[in-house]
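S.K.: Could you have a look at this structure, given as structure tokens, before my questions?
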Amino acid sequence: MYKIVSRLLLYGDMPKDTILMELADIVRKMDDGSQTKEELSTRVFTQMKHLLQVATDYGFDENLWHNYLTFLLITNENPFSITCEKVGANIGSVNYFAKSDFKAFRDLFHYDFSRLEAYLGVDCFSRISHYQAIGKKELMYNKNVSEKVRALSRKLEAAGDEDAFFDCVTSFYKAYGVGMFGLNKAFRIQSREDGQVDFIAINNMDTVMLDDLIGYEIQKKKLVDNTQAFVLGRKANNVLLFGDSGTGKSTSIKAIVNAFYDQGLRMIEIYKHQFKDLSAVIAQIKNRNYKFIIYMDDLSFEEFEVEYKFLKAVIEGGVETRPDNILIYATSNRRHLIKENWSDRDDMEHDNGMHRSDTMEEKLSLVNRFGVTICYSKPSQKEYFHIVEELARRSGVTMPEAELRAEANKWELSHGGISGRTAQQFINYLLGGME
């Protein structure tokens, strides 16, 4: 196996502690006799544990070794895979090296572990070649990634040579992309000491769709129209969704990502304390073949906070302009994002002669950086009852309409007032009491 791995060029730059590299080293140590059987057995069981952990995280099944190798192929970001993501497999000298790597991967697909098993007296590799995973709920693993890996794995198993292998992998890159951005819908970021950021995939994001949000048809259409233009490469605007809490602002953005994911839309959620990392985020995604929504939930600033200045510069007018594949979508309970005091409206600050109106205008100008502003207002009593009735119908609650409205009215009086969120909580309460 170590001889096969040593042939890898484009895909060979893997950390030594990856499962593939560790197993290759185990085989090498077996051949040169530099480790005892006990030491090698311990290492094999450690890598088997890691492989089973990956399989559990992503819901792999059937041949776990093939699933793992496929996962490596579609998450390895190298010049070849990223180019294929953008333009597909074009004629070029790099294809020679890629096919050489794919020949090695095909050999790894069909690698015979029986010699290692016989030497150590184990059968773990045979068992994972016909693995039957324990059934589990979708929320326990990343179903989206699992389905893609297993489907491609079966195609690669049937590939007759490196040319067929090449066609399968490059077609996947063109259709879905490569790396974490190709496999996942949404991400958070984590700062690093070197000033860069790591992207952390948000597994099992809510699968809500826009039709699940009852009402707000005008608001949803504005959001869809802007996002549709964005993914098609036309001019589009940053969007601010503002209004009362519990009205569906965040739900609308999650639904938009679900609706346009297969057209290359991805979402990166950033919190206020991470605004200092915005430039690093933009630098890492501006040349990728995806459309990114940088999502800021519940955005607002207190009087003493100055992060809004940095956000203004990033959105528009800063040193680094916002690339065409990035938009900012934010939600807020405040129309103008920044808390105003009556003192802000006094034109003169008596201590130093500064004009407070200038300060207020600077604060309020942030909202003007959002070309589309959409208001999600609290529903009327009639609209609230409509939401409750529709949610009840969809959930199978058969309570008479008059009783349903009466109970919904009592619920909202003691649970935060009228909103779509309150309606959903009421239906959950009813469902919880059903046998």
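The values are calculated or read from the model by the stated rules, or taken from the named source; none is laboratory data. The structure presented is a predicted model; accordingly, all values stated were derived computationally and were not measured. Note that each Cβ is placed from the backbone with ideal geometry, even for glycine, and that neighbours are counted across all protein chains shown. Quick note on the areas: whole protein, heavy atoms, side chains included, nothing else; ligands and nucleic acids left out. Shrake-Rupley method; radii C 1.70, N 1.55, O 1.52, S 1.80 Å.
S.K.: Check E77, E85 and return the single one that is open to solvent by less than 70 Å² (accessible area, probe 1.4 Å), within 23 Å of V149 (Cα to Cα), touching a residue at least 12 places away in the same chain (Cβ under 8 Å) and among the acidic types (D, E).
M.R.: Within the list E77, E85, the selection yields E85.
S.K.: Is it the case that some residue within region 240-253 is within 18 Å of N144 (Cα to Cα) and open to solvent by less than 20 Å² (accessible area, probe 1.4 Å)?
M.R.: No, the conditions are met nowhere in region 240-253.
S.K.: What number of residues within region 381-435 satisfy the criterion of being small (G, A, S) and exposed (fewer than 15 other Cβ atoms within 10 Å of the Cβ)?
M.R.: The number of residues fulfilling the criteria is 9.
S.K.: Additional query: Of the residues T70, T46, T42, only one is polar (S, T, N, Q) and either surrounded by 15 or more Cβ atoms within 10 Å (Cβ to Cβ) or in a loop (DSSP other than H, G, I, E, B) (or both); which?
M.R.: T70
S.K.: Okay, moving on. Got a number for residues in region 273-313 being at pLDDT 70 or above and over 18 Å from A186 (Cβ atoms)?
M.R.: 11
S.K.: With L213, L183 as the choices, which residue is among the aliphatic types (A, V, I, L, M), crowded, with 17+ Cβ neighbours inside 10 Å and under 18 Å from E85 (Cβ atoms)?
M.R.: Being among the aliphatic types (A, V, I, L, M), crowded, with 17+ Cβ neighbours inside 10 Å and under 18 Å from E85 (Cβ atoms) holds for just one of L213, L183, which is L183.
S.K.: Let me ask something else about it. Suppose we filter region 6-23 for residues that are farther than 18 Å from K103 by Cα and open to solvent by less than 90 Å² (accessible area, probe 1.4 Å); how many remain?
M.R.: 5
S.K.: What are the residues in region 127-148 that are at pLDDT below 85 and in a helix (DSSP H, G or I), if any?
M.R.: If the condition is that a residue be at pLDDT below 85 and in a helix (DSSP H, G or I), then E138, L139, M140, K143, N144, V145, S146 are the ones that fit.
S.K.: Search region 405-418 for residues that are closer than 11 Å to I387 by Cβ and pair each with any residue that is in a loop (DSSP other than H, G, I, E, B) and open to solvent by 80 Å² or more (accessible area, probe 1.4 Å) when their beta-carbon atoms are under 8 Å apart and the residues are at least 6 apart or on different chains.
M.R.: Here the result reads I418/K378, each pair linking region 405-418 to a residue that is in a loop (DSSP other than H, G, I, E, B) and open to solvent by 80 Å² or more (accessible area, probe 1.4 Å).
S.K.: Restricting region 49-67 to residues that are under 22 Å from the mean Cα position of the chain (by Cα) and assigned to a helix (DSSP H, G or I), which is surrounded by the most Cβ atoms within 10 Å (Cβ to Cβ)?
M.R.: Residue satisfying both the conditions and the ranking: N67.
S.K.: Considering each of G92, G59 in turn, give the residue that is among the small types (G, A, S) and without any contact (Cβ under 8 Å) to a residue 12 or more places away in the chain.
M.R.: Result of the check over G92, G59: G92.
S.K.: Another one. On the given criteria, is E340 part of a loop (DSSP other than H, G, I, E, B) and either of a type outside the set (D, E, K, R) or modelled with pLDDT under 90 (or both)?
M.R.: Answer is yes for this residue.
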